[in-house]
Amino acid sequence: MQDSSTREPPGENDPSGAPSLAHALDRRDAAWWIDWGARAGVFFGGMSAILFIGAIFVFIATQGLEFAIHRLSIGELLFGLHWEPTVEPPHYGALPLIAGTAAITAVAMLVAVPLAFCAAIYIGEFARGRQREWLKILIELLAAIPSVVWGLIGLHVMKSIIQQVFHVQVGLNVLNAGIILGLMAAPIITTIAEDALKAVPDAHREAAEALGATSWQVVWRVVLPQARPGLSAAVLLGIGRAFGETIAVLMASGHRLMIPESIFDSAATITATIAAELGEAAVGSDHYQVLFVLGLLLFFITFAINLTADWLVRGRRHA
Amino acid sequence: MSLQAVFRATPHEARSFTVQQLVRLLFLAMTLLLLLPVLGILAVLVVEGAPGLSLDFFLTKPRDNGAAGGIATALVGTIWLTAGALLLALPLGVAAAIYLSEYARDNWLTRTINIAIVNLAGVPSIVHALFGVGAFVHFMGFGKSILAASCTLAVMTLPVMIVATRESLQAVPKAFREACWNMGATRWQTIWRIVLPNSGGGILTGLILVVCRAVGETAPIMFTGAVFLREPFPNDVFDKAMALSFHLYTVSTQVTDVPAHVPFAVALTLILVVLAMNALAIYVRMHLRGRKKW
């Protein structure tokens, strides 16, 4: 098809009046041109994902770059204890935010991972037929609840539950946000863990069963060890989901810009800080730019998490 | 020795069996514990929010910063934003899915595209918001508008569209395409006449999931086009608009003296939309899967 570009387009007779051989062989009718156009259009669509991820990086990096190079000390950003961008002189120490993010994500994983793994094993290995379909639909519904609704639940329901159960004053704290984020991250962990279990060949299960293993023994001794890379990927993506969450955590964490000392302290995360302060920061100001630097930090962390998870699931299988 | 004695479980086997039963029960209990919040949240929203729902609530505009009146402007704004996101994400997402499923070979470019899709889906929503502010609001000069917010939502929901469509296209058997090529059809004719019609509503499922996501997101729109309060309905894509999700955020955190049932009523509306969309997606999937003959 490539060499046909040297031929004449169809429909034009050559000077002698008789159609030449090259002309007779030319297949470039309307369908060919439509096909060519469709291929080009579809290729552009295929490139769009690369285009956008590149654009996100470029735009966020350039908005924060000038400030990051000239006036920001990376040491202060990563280890400074005070996040006071609006007082004079401003302090841009993001350690409280990083600590808050880490604490809340850790609690979220403590909540999500056991629940999600048990659900994945039950749905993948024990449940059958209609029960399995229903459980999967309910997991999807859990994933579909919008984050702002989760935030409302944290703000009104989880807050009073925590106050009553643990007899603490502050109901909007690390524990509250952690439970909310754990429940939000659990469906994605469940889905990916279930895929990892499904990837273990049935022949291995049958071999173990033929030796007299019960289905729990099959799961524990055969399926889980083989699915380990996929399960790690599931946890990683769950972490990515939890620490990237914004609105729910802003509403449920209490948003206090200090390092939390217990799970009953209020805390602030990187994402929530950007959401809370972007509206107030004047465009182009130092404060505005430092928020983009935080965004760049988030971008790199999620990029690392996603690449590692992708490598665990895909790369090792090819190797 | 009687037959029963021969086939009776040894103590070791009996113990394995008991363990197996207990483990199964434990896992079922954990699964239900995970799913309990779904029912709990629905129950809380219905109990607290249902008294606030009425036709008037949907049809009147908010008053007193959202403390009184209805949610008409927020509903209309959400429809504008979602429709905009859909118009942009649909063609791009379907094109990308067709490219990946029908044209792409297993080479570095395809792997790069797949990594880009995974990362685009994994980038935190607030980073999408920063991108929207930098790219659409300021660089492209759309200002804070429905257009900028829709573009941001479209970029964010693009991976959902691509993945759902690609999966359904890949489920069409290869033999269908080969039969069509053998008749002398071009690639595009094959895709248009054979692959897309037989993809079992994959595009529809993707579309529904995009709507679901776009309706529920708050962070990407709160700096790119959604506003706290706006009296008139939007007229064109350069207007700002209220949105259901952002309205829920403001009435539950920013406005004082809101009656307790108002945030729950807004949340109930939001979740009803999302649930209806999900139910539709599940129905489409099951209905079309049932019709498949291969």
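The values are calculated or read from the model by the stated rules, or taken from the named source; none is laboratory data. Please read all numbers here as calculations on a predicted model, not as lab measurements. Neighbour counts run over all protein chains shown; Cβ positions are idealised from the backbone, glycine included.
Just a few scattered comments:
- Failed criterion for B:L87 (all others in (1) exposed (fewer than 15 other Cβ atoms within 10 Å of the Cβ); (2) within 14 Å of chain A (Cβ to nearest Cβ) hold): (2)
- In the stretch B:1-44, residue surrounded by the fewest Cβ atoms within 10 Å (Cβ to Cβ) [restricted to those that are among the basic types (K, R) and either within 11 Å of chain A (Cβ to nearest Cβ) or under 17 Å from A:A213 (Cβ atoms) (or both)]: B:R15
- Where B:L25 falls short, out of the listed (1) touching a strand residue (DSSP E or B) at 6+ places or on another chain (Cβ under 7 Å); (2) within 30 Å of A:K136 (Cβ to Cβ); (3) of a type outside the set (D, E, K, R): (1)
- When restricted to residues that are at pLDDT below 80 and more than 25 Å from B:V123 (Cα to Cα), the stretch A:54-74 contains 2.
- So B:R105, is it of a type in the set (D, E, K, R) and modelled with pLDDT of 90 or more: no
Yes/no per residue for (1) more than 9 Å from every other protein chain (Cβ to nearest Cβ); (2) assigned to a loop (DSSP other than H, G, I, E, B):
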site: B:I221; (1), (2): yes, no
site: B:T224; (1), (2): yes, yes
site: B:P234; (1), (2): yes, yes
site: B:D239; (1), (2): yes, yes
site: B:F246; (1), (2): no, no
site: B:H287; (1), (2): yes, no
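- Tally, over the stretch A:119-140, of residues that are surrounded by 21 or more Cβ atoms within 10 Å (Cβ to Cβ), at the interface with chain B (Cβ under 7 Å from one of its Cβ atoms) and either not β-branched (V, I, T) or not in a helix (DSSP H, G or I) (or both): 2
- B:A97 vs. criteria modelled with pLDDT of 90 or more and buried (at least 21 other Cβ atoms within 10 Å of the Cβ): yes
- The test for being surrounded by fewer than 22 Cβ atoms within 10 Å (Cβ to Cβ) and more than 10 Å from chain A (Cβ to nearest Cβ) holds for B:V47.
- Residue match in the stretch A:38-59 (condition: in contact (Cβ under 8 Å) with a residue 60 or more places away in the chain and of a type outside the set (D, E)): yes
- A:E261 being of a type in the set (D, E), outside any helix (DSSP H, G or I) and away from chain B (no Cβ under 11 Å): yes
- Qualifying helices (runs of 4 or more DSSP H) (wholly inside the stretch B:1-61; at least 2 residues being touching a Pro at 6+ places or on another chain (Cβ under 9 Å)): B:11-49
- Residue in the stretch A:169-184 that is assigned to a loop (DSSP other than H, G, I, E, B) and surrounded by fewer than 21 Cβ atoms within 10 Å (Cβ to Cβ) present: yes
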